[in-house]
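For reference, the structure is listed below as C-alpha cells.
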Amino acid sequence: MAEILQYVHKDAFLHRLHPFTKIAFILVVSVMCLISTNLAFLVLMVLAMMVFAAYGELLTESLQQLKLIIIMSIIFILITVITMPNGDILGYLVPQGIPWIGGLVPITTGGLMIGFVLTLRFIVLIFAFQLFLISTQPRDLVHTLDRAGLPIDYTLMFIIALRFIPTLQIEGQRIHEAQLARGFNPGEGFIGKIRSVAPIVIPLVSNALLRSNVIGLTIDMRGYRTGKKTHVRERTFARRDYAVMAVLVVALCGFVPLMLAQVI
C-alpha cells in the first residue's frame, strides 16, 4: 500500500540537501506556480518537478498518489466548467438532445482554461511538498524549523500531524481488512462504500485519541516542558545547497520580468 507523506530512507541527492534549501525550493516553486496563468509554463513546471524527482531517485514514490491527483484534477476542471462559463461554448455536459435538461451546463473555453490552470497548480504544489516531506527526516525538519525561529509548540503540532497521516492510513487499511476477515459485507457500488465508512472511522478515531494521550505522556517524560533541547546532529550547508539556491535565484529573477511583461 502506498503511504502518504511517509519519509523514504535513501542516500540520494534530495536527501542530502539541507532542509533550508528544500524550504526555499518550495517557496520559490509555490510563488511561481500561483502567480503564473500560462499553461505552457505550468506544464513545464510539472515536467521539471518530475525531472527533479527522478534525479533525486523519488519519481516512483512521487507517482504513487497519481490516482488521487487525477481524481482531484477532474473535480477541479468540472467545478470550473460549471461555475465559470466564460468564453466560447465548445459543447455541453448535458447533451442538448435530452428533453427539459439538455444544454444546461455549457463547456466554455474560459472554464476549461481556468480549470487546467488550477489543476496544473495543484499538481506542482503536490509534487513540491511531497518531495520535501518524503526526503526530509522529521528530526531534521524539527531542528530546521526551530532554527528558523518557529515556536516549538507549532513545530510539534505540525510534525505530529504529518506523522499521523501515514499512521492513520495504515491503521485504517488494517481495520478494513479485519472487518472483511470477520465477514462484514457492506455491499457493492457507491452505497457499499458509504456503509463501509462507519465500521472503519469509529475504531480509527478511538485509537487516534488513545495514541494522542500516549504521545502527550511521552512528551512530558522526555522533558519537553523544561525548554532545554539537544540535537543529535547538526546539518550544514554544502556545495550542492549553494548550487540549488543559485538555480532558484536565477529562476526567480527570470520569472519576475516575464510576469511583469505579461501584465504590462
With +1 at each Lys and Arg Cβ and -1 at each Asp and Glu Cβ, the charge dipole magnitude of the chain around its Cα centre, to the nearest 20 debye, comes out at 720 debye
Counting other beta carbons within 10 Å of each Cβ, put Met157, Met49, Met221, Met113 in order, fewest first. Met221, Met157, Met113, Met49
Could you tell me the calculated FRET efficiency between Leu104 and Gln64, based on Cβ-Cβ distance and R0 = 41 angstrom, to the nearest 0.05? 0.60
Checked the range 14-124 against the a/c 1.5 cut and the a/b vs b/c comparison, axes a ≥ b ≥ c from its Cα gyration tensor; verdict prolate
Set Lys and Arg Cβ to +1 and Asp and Glu Cβ to -1, take the dipole of the chain about its Cα centre, and tell me which of Ile35, Leu210, Phe158 lies farthest positive. Leu210
What full-extension length gain, to one decimal in nm, is calculated for Phe255 and Ile160 as 0.36 nm per residue of separation minus the Cα-Cα distance? 30.7 nm
Can you compute the modelled spin-label distance between Ser206 and Arg139, with each label point 7 Å from Cα toward Cβ, in nm? 3.5 nm
Simple SL model, points at 7 angstrom along Cα→Cβ for Leu39 and Leu217; separation in nm is 5.8 nm
Given only helices, namely DSSP H runs of n ≥ 4 each adding -39500 (n - 2.57), what is the per-residue ellipticity at 222 nm of the chain, to the nearest 500 deg cm²/dmol? -23000 deg cm²/dmol
Evaluate Rg over Rh across the range 73-214, taking Cα atoms for both radii and Kirkwood's formula for Rh. 1.14
Any idea which of Asn86, Thr108, Ile70 is furthest toward the positive side of the dipole for the range 64-208, if Lys and Arg beta-carbons carry +1 and Asp and Glu beta-carbons -1? Ile70
Shape call for the chain, from the Cα gyration tensor axes a ≥ b ≥ c (a/c under 1.5 means rounded, otherwise prolate when a/b beats b/c, else oblate), comes out oblate
Tell me, which longest segment in the chain has none of the trypsin sites (Lys or Arg not before Pro) that fall in DSSP loops with at most 14 further Cβ atoms within 10 Å? 1-181
Within the chain, which is the longest segment containing none of the GluC sites (Glu not before Pro) that sit in a DSSP loop and have at most 16 other Cβ atoms within 10 Å? 58-187
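Every number in this text was worked out from the coordinates using simple rules, so none of it is lab data. For clarity, every value in this text was computed on a predicted model and none was experimentally measured. Virtual Cβ from ideal backbone geometry, glycine too; neighbours counted across all protein chains shown.
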